[in-house]
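Structure first, then comments.
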Amino acid sequence: MNEPLLQIKGLRTHFQTDSGLVKAVDGVDLTVPHGGILGLVGESGSGKSVTGLSVMGLLGSRRARNAGGEILFKGRDLLKIANKELRNIRGAEIGMVFQSAMTGLNPSFRVETQLTEVIRRHQKIDQAAARRIALESLELVAMPDPARKLKSYPHELSGGQRQRVLIAMALSCNPELLIADEPTTALDATVQKQIVDLLVDINKKRGTAILMVTHDFGVVARMCRTVAVMRHGKVVEQGIVEQVLENPQHAYTQTLMDAVPRLHLTREERAVPRSLRRLHEVIQIAPPAPEPRKELSYAAAQ
Ligand code: ADP
Ligand code: MG
């Protein structure tokens with residue numbers, strides 16, 4: 001257990017396009033410890049999704065090229081193993097909630113059909129057993145009235161409930177790592193908070209490690225222990241969340257923090273210049289009371 005669950009070293013993922021080479025990911029180092037939550041934050045186009053998709057081996061474009069690096073999952077380089085083996089790991093050991101997934105549920109099929117299909121793809125079990133796991137998965141994501149929701153069509157669910165179905169799908173095979181790509185972005189603030197709290201709860205209950213992709217530092221502050229900040233395909237800053245929030249080393253990180261909405265502040269609070277306040281006083285979603293930490297050095301957290 002000494003090696004981290006996921007360790008990405010010097011990853012380069014490039015795309016050959018008509019207008020030239022796009023270095024979407026260009027030398028990324030990331031570490032997700034067993035049972036940990038790493039926030040991957042950065043502006044749109046910085047390479048967050050391509051990083052997640054590279055881990056899954058799901059770039060879905062013939063123009064995508066791995067131009068170097070290693071993706072070590074439990075010590076094995078996912079870039080080197082056979083496709084068949086990667087297919088087994090994907091879904092069973094690493095689950096992903098895709099950024100575009102909110103539109104990805106098929107409107108013509110009931111939730112149950114879509115969940116059991118994914119479950120049976122990875123487990124050799126009959127339909128009745130898959131249905132039981134589907135129900136348990138909806139219970140895990142705290143879906144209200146889960147038995148009835150299984151029989152529903154996607155349009156009968158709210159946006160937050162559809163996102164819960166997608167998280168349930170990604171977790172149905174009990175993976176050790178969940179890659180969640182902007183799972184709260186399309187949701188309103190209250191539902192965002194519920195989904196963030198749900199993911200933290202699942203991390204605590206099941207020990208599922210999470211690579212949390214977001215452009216929102218408020219989400220990072222609420223749920224992550226460590227954070228990596230991406231820009232133009234590179235990680236420009238990485239460390240313990242509190243330390244990065246208190247003392248960002250990179251002007252770009254400060255800019256990302258400044259972009260966090262200030263909706264829930266009183267008029268007096270809003271009048272104080274942001275630069276004079278600590279970040280967790282300005283973020284929309286306040287971080288939970290800090291748990292006692294044994295150490296605060298980034299290296300020791302790995
Ligand atoms: P983020 O998730 O941080 O918003 P992405 O990882 O989606 O950013 O994209 C990083 C960069 O890679 C962007 O410049 C994007 O245009 C480019 N890119 C992503 N997918 C492809 C693709 N299939 N072909 C060409 N370029 C791509
Ligand atoms: Mg993205």
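The values are calculated or read from the model by the stated rules, or taken from the named source; none is laboratory data. Note that the structure is predicted; figures quoted are calculated from it, not measured. Neighbour counts are summed over all protein chains in view; Cβ atoms, including those assigned to glycine, are modelled from backbone coordinates with ideal geometry. With ligands, DNA and RNA removed, areas are computed over all heavy atoms of the protein, side chains included. Shrake-Rupley method; radii C 1.70, N 1.55, O 1.52, S 1.80 Å.
Could you tell me which residue out of Ala128, Ser158, Ala147 lies farthest along the dipole of the range 105-174 toward its positive end? Charges go on the beta carbon: Lys and Arg +1, Asp and Glu -1, centred on the Cα centre.
Ala128
How big is the accessible area of Lys84 in square angstrom, nearest 10, if you roll a 1.4 angstrom probe over the protein chains?
140
Mind checking the dipole of the range 1-137: about its Cα centre, +1 per Lys or Arg Cβ, -1 per Asp or Glu Cβ, Debye to the nearest 20?
For this selection, approximately 400 debye.
Working with all protein chains in place, sort Ser152, Ser61 by solvent-accessible area computed with a 1.4 Å probe, largest first.
Ser61, Ser152
Quick check on my link table: of Lys23/Lys84; Lys9/Lys234; Lys9/Lys80; Lys9/Lys205; Lys48/Lys205; Lys84/Lys124, which ones sit more than 22 Å apart, alpha carbon to alpha carbon?
Lys23/Lys84; Lys9/Lys205; Lys48/Lys205
Return the FRET efficiency for the residue pair Arg63, Lys234: r is the Cβ-Cβ distance, R0 is 25 Å, and the value is rounded to the nearest 0.05.
Between Arg63 and Lys234 the formula returns 0.75.
Per 0.36 nm of contour for each residue apart, how much would the distance between Gln127 and Ser100 grow if the chain were fully extended, relative to their Cα-Cα spacing?
6.9 nm
If we restrict to alpha carbons, what Rg and Dmax does the range 105-174 come to, in Å?
Computed over the Cα atoms of the range 105-174, radius of gyration and Dmax are 10.7, 32 Å.
Lys151 to Asp258: extension gain in nm, 0.36 nm per residue of separation minus the Cα-Cα distance?
34.2 nm is the gain from fully extending Lys151 to Asp258.
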